[in-house]
């Protein structure tokens, strides 16, 4: 099984009343697979983007990540040496918002004045098909 699936709603499992009652239209997550893959790939992506931009982890003011779980975020921060207070998250409010996580969190950080002019912001994400990546911006 991949990290995330939505078993219902396609031609193989149409959205019948029974399938909806069994919650087959919702995301299902293989937590162990996501955890292992995130720890394998995300530190590499972060290391590469830091190298490509001639920055160090100490230069990062905020990390705005995709949020498969709080444990993953804590472990990634530990591995890369980033204090956890620089890791932005909102899982406690919305749970896993999938592909919308980073834009929602960026908006919340801006509205709450957590982002300041000239902040260096690290974005990092992983997808269920094991796509992953990182980018860095300087907030103007």
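Rule-based calculations on the coordinates, nothing more; no lab input. Bear in mind that the values here come from a model prediction, so they are computed numbers and not experimental data.
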Note on the range 31-138: alpha-carbon gyration tensor, axes a ≥ b ≥ c; rule is a/c under 1.5 for rounded, else prolate if a/b larger than b/c, else oblate; result oblate
If each residue of separation counts as 0.36 nm, what is the full-extension length gain between residue 20 and residue 139 once their alpha-carbon separation is subtracted? 38.5 nm
Over the Cα atoms of the range 44-98, compute the convex hull volume and normalise it per residue, giving Å³. 82 Å³
For the Cα atoms of the chain, what angle does the longest principal axis make with the long axis of helix 101-111, in degrees from 0 to 90, nearest 10? 50 degrees
Rounded to the nearest 10 degrees, the helix 70-80 long axis (Cα) sits at an angle to the longest Cα principal axis of the chain of 30 degrees
Between 0 and 90°, nearest 10: helix 31-52 axis offset from the chain longest Cα axis: 30 degrees
